[in-house]
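The values are calculated or read from the model by the stated rules, or taken from the named source; none is laboratory data. Computed from a prediction, not measured in an experiment: that's the story for all the values here. Here the Cβ is made from the backbone with ideal geometry for all residues, glycine too, and neighbour counts use every protein chain on show. Please note that ligands, DNA and RNA were not included when accessible areas were found on the heavy atoms of the full protein model with its side chains. Shrake-Rupley method; radii C 1.70, N 1.55, O 1.52, S 1.80 Å.
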Number of protein chains: 2
Amino acid sequence: VEKHFVYRANDLYEFIVKIFVHLNMPFDEAQIAARIILEADLRGIHSHGIIRVPTLYVPWLSHGYISNKASISTINETPVMLSLDGGNGMGHVIAYKAMQRCIEKAKHCGVAIVTVRNSNHLGIAGYYAMMALEHDMIGISLTNSTPYVAPTYARTKMIGTNPIAVAVPAGEEYPFVLDMATSVVTQGLLDILINHNEPIPLGWGIDGSGANTTDPRKVLDGGAINPLGASDLMRSYKGYGLGLLVDILCGVLAGANFSTGVTRPGPKAPAHLGHFFAAIKVDTIRPIENFKKDMDQLIHQMNSAPKVEGQERIYIAGEKEFELADRYNREGVPVYEEAVHLLEQTCKDIGNEFNLTPIPLIEND
Amino acid sequence: VEKHFVYRANDLYEFIVKIFVHLNMPFDEAQIAARIILEADLRGIHSHGIIRVPTLYVPWLSHGYISNKASISTINETPVMLSLDGGNGMGHVIAYKAMQRCIEKAKHCGVAIVTVRNSNHLGIAGYYAMMALEHDMIGISLTNSTPYVAPTYARTKMIGTNPIAVAVPAGEEYPFVLDMATSVVTQGLLDILINHNEPIPLGWGIDGSGANTTDPRKVLDGGAINPLGASDLMRSYKGYGLGLLVDILCGVLAGANFSTGVTRPGPKAPAHLGHFFAAIKVDTIRPIENFKKDMDQLIHQMNSAPKVEGQERIYIAGEKEFELADRYNREGVPVYEEAVHLLEQTCKDIGNEFNLTPIPLIEND
């Protein structure tokens with residue numbers, strides 16, 4: 001376990017809001033972005049959490065690579081569909097507002113889809129899918145991203161780790177929340193392992209020659225991450241197909257950049273990445289009580305299936321993350337020492353006070 | 001290569017129609033089912049093609065396990081959503097008519113979804129997604145199915161190989177057609193390998209103890225197929241999550257059976273499986289010409305990516321199948337000898353003339 005500090009969730013939230021406001025984001029937009037970034041850490045997806053504030057969002061905002069206000073405009077609208085331009089604002093804010101409008105439309109029509117172009121990195125795709133839950137809707141959230149993944153039989157990065165996120169309400173049980181990269185792993189996880197000088201299992205990624213490698217540096221530098229499935233023999237063309245599908249819906253359909261056209265926002269050009277959101281109001285199809293009862297039963301069936309020897313639990317997508325969030329909300333949120341140092345440095349750079357105080361560490365994990 | 005006979009596509013079609021009409025299916029429904037079954041063989045997905053006529057559909061129809069006429073009723077309808085009961089008819093016919101109505105709705109509203117309960121095995125899910133293509137729509141087709149797949153960390157069959165199919169129109173290029181089981185492989189492929197006495201690679205499936213096995217018999221008999229990803233280390237919980245998602249949309253949302261509740265239709269109870277269809281009319285979001293131009297560009301980018309040494313092509317989902325269908329439409333469709341014998345036997349059993357004549361074999365494959 002890497003050295004980390006533990007902070008109260010709300011302290012982290014206030015801290016992130018302050019940084020964003022300091023960089024001239026409107027207060028309400030800073031709140032939206034901070035809430036979503038914090039949620040990543042709460043759910044244990046630290047690669048999409050506060051570490052990204054010093055490494056991505058502060059540089060982008062302070063250099064003007066992305067707009068500090070999300071000026072969202074409508075390209076096209078019908079009762080069930082909406083096509084938006086995010087105006088190169090903060091991805092989290094654009095995605096949040098897009099999903100809000102998707103939910104509003106689904107309230108009236110039962111189902112709605114919203115596409116977004118000219119946006120940026122949105123953090124955890126699952127957040128936006130989960131926004132549908134409190135409305136008893138199924139939420140879907142997709143985004144394309146900077147290329148890191150090679151198609152089956154290719155040896156260079158051609159598509160992003162393009163996540164698929166779907167949230168489905170349940171009754172007594174936690175909702176089903178699938179939030180998955182369509183590649184075996186994400187680039188964020190490789191970054192962390194590189195920092196820890198750890199190798200990766202054969203199958204996660206290839207070097208520049210197309211051979212599987214245990215060196216995560218070679219994967220990111222000239223190589224590529226493998227699509228879900230990992231190898232031809234284990235049907236990696238399915239993961240590749242899913243990743244390409246996400247690029248089609250978020251890039252081609254939304255009218256955003258796609259494939260190698262998606263870049264990090266920079267001085268020359270915005271990222272211009274795209275998202276796709278959908279919401280389905282359950283009770284237009286089935287009474288919500290019946291639906292939730294069946295969801296609970298389905299979840300029980302999975303949880304109570306006979307286990308492989310040595311395994312203690314069978315999980316439902318999202319279950320681990322809900323449990324972690326409950327715990328971190330009670331006990332505080334761990335932040336890697338490295339991220340804390342980067343945050344201190346960033347605060348110094350932009351002239352914002354670093355005022356985070358960790359909770360004294362309890363060692364009985 | 002197993003011994004096979006080659007028949008003209010239209011001869012196979014007429015032959016299947018005749019069998020179904022003989023079993024009292026209405027002529028138009030027999031035509032629909034025959035077309036979809038033939039399409040599977042044309043696309044090289046023989047496990048879902050004519051072999052299923054003697055092994056599944058004839059027994060089900062002749063024993064009355066499924067209804068020979070699809071009496072489809074509406075449970076619920078709005079302009080963008082439709083919930084249907086298939087009346088335990090032939091799955092192909094129910095799914096075809098459901099997708100037709102989905103497309104009609106999407107013509108008016110831009111997007112539509114249709115759920116189906118009380119249905120049966122529908123053959124290749126991709127067929128229904130592809131129905132959207134000629135309308136310049138994106139088509140989505142999902143179905144749940146008899147359990148063959150173990151959740152990650154479980155050792156028994158809990159969900160079906162639950163396919164996801166999505167079809168997207170392109171311009172000059174073949175459409176993108178993803179039609180994938182959410183497991184590493186399908187039960188149909190294992191059946192074929194068992195007949196050929198061939199082992200399977202470690203990672204495709206587990207035996208009854210939860211250990212990976214090379215014996216496909218052990219996978220089907222007491223074991224289970226692994227979800228896409230194949231192992232925990234390669235993130236099989238993503239394949240498991242996708243498979244469960246399909247069960248949620250087709251089983252729970254549609255109000256059909258789900259998980260171990262889905263069975264083969266039999267004397268005691270129907271299969272009561274469910275489907276989920278969606279259609280998105282592209283030009284409500286973007287002009288179709290721009291969309292198709294970008295699709296072609298995306299496809300070119302993938303096809304022309306640098307290749308792993310020893311590989312000749314990078315494919316787009318569906319590309320191989322379109323090329324195969326073109327060839328089989330010209331040269332004839334191969335049918336395994338074993339399937340031909342089963343068809344002869346079935347025709348004898350039900351008193352239908354076996355009148356298929358193969359094309360003389362050309363050996364230069």
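Listing for the model above:
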{"quantity": "The range B:219-233 - residue that is in a helix (DSSP H, G or I) and within 15 Å of B:Pro201 (Cα to Cα) and, of those, farthest from the other protein chains (Cβ to nearest Cβ)", "calculated": "B:Leu220"}
{"quantity": "Some residue of the range A:261-270 being out of contact with any strand residue (DSSP E or B) (no Cβ under 6 Å at 6 or more places or on another chain), without any contact (Cβ under 8 Å) to a residue 60 or more places away in the chain and open to solvent by 60 Å² or more (accessible area, probe 1.4 Å)", "calculated": "yes"}
{"quantity": "Options B:Ser141, B:Ser145, B:Ser119: the member that is open to solvent by 10 Å² or more (accessible area, probe 1.4 Å), of a type outside the set (D, E, K, R) and either more than 10 Å from chain A (Cβ to nearest Cβ) or more than 24 Å from B:Asn257 (Cβ to Cβ) (or both)", "calculated": "B:Ser145"}
{"quantity": "Scope the range A:188-198; condition open to solvent by 10 Å² or more (accessible area, probe 1.4 Å) and touching a residue at least 40 places away in the same chain (Cβ under 8 Å); matching residues", "calculated": "A:Leu189, A:Asp191, A:Ile192, A:Asn195, A:His196"}
{"quantity": "Lone qualifier among A:Asp283, A:Asp296 - being within 21 Å of A:Met99 (Cβ to Cβ), acidic (Asp, Glu) and more than 9 Å from chain B (Cβ to nearest Cβ)", "calculated": "A:Asp283"}
{"quantity": "Residue match in the range A:150-160 (condition: under 19 Å from the mean Cα position of the chain (by Cα) and open to solvent by less than 20 Å² (accessible area, probe 1.4 Å))", "calculated": "yes"}
{"quantity": "Neighbours by Cβ (under 9 Å, 6+ apart or cross-chain): first from the range B:313-329, at positive phi and within 14 Å of chain A (Cβ to nearest Cβ); second hydroxyl-bearing (Ser, Thr, Tyr) and open to solvent by 50 Å² or more (accessible area, probe 1.4 Å)", "calculated": "B:Gly318/B:Tyr174"}
{"quantity": "Every residue from the range B:246-260 that is open to solvent by 20 Å² or more (accessible area, probe 1.4 Å) and assigned to a helix (DSSP H, G or I)", "calculated": "B:Thr260"}
{"quantity": "Every pair of residues 6+ apart whose Cβ atoms lie under 8 Å, when the first sits in the range A:166-181 and is within 10 Å of another protein chain (Cβ to nearest Cβ) while the second is of a type in the set (Ser, Thr, Tyr) and open to solvent by 10 Å² or more (accessible area, probe 1.4 Å)", "calculated": "A:Ala181/A:Thr161"}
{"quantity": "Answer from A:Ala112, A:Ala106 - the residue that is surrounded by 23 or more Cβ atoms within 10 Å (Cβ to Cβ), over 16 Å from the mean Cα position of the chain (by Cα) and part of a helix (DSSP H, G or I)", "calculated": "A:Ala106"}
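So that you can scan it fast, the table gives a plain yes or no per residue for (1) acidic (Asp, Glu); (2) touching a Lys or Arg at 6+ places or on another chain (Cβ under 8 Å); (3) more than 26 Å from B:Ala132 (Cα to Cα):
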| position | (1), (2), (3) |
| --- | --- |
| B:Ile164 | no, no, no |
| B:Val184 | no, yes, yes |
| B:Leu189 | no, no, yes |
| B:Gly203 | no, no, yes |
| B:Ile206 | no, yes, yes |
| B:Thr214 | no, no, yes |
| B:Ser236 | no, no, yes |
| B:Leu245 | no, no, no |
| B:Gly255 | no, yes, no |
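For (1) in contact with a helix residue (DSSP H, G or I) (Cβ under 8 Å, 6 or more places away or on another chain); (2) at pLDDT below 95; (3) under 30 Å from A:Asn226 (Cβ atoms), each residue gets a yes or a no:
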residue	(1), (2), (3)
B:Ser236	no, no, yes
B:Val246	no, no, yes
B:Leu273	yes, no, no
B:Phe277	yes, no, no
B:Pro287	no, no, no
B:Ile314	yes, no, yes
B:Ala325	yes, no, yes
B:Arg330	no, no, no
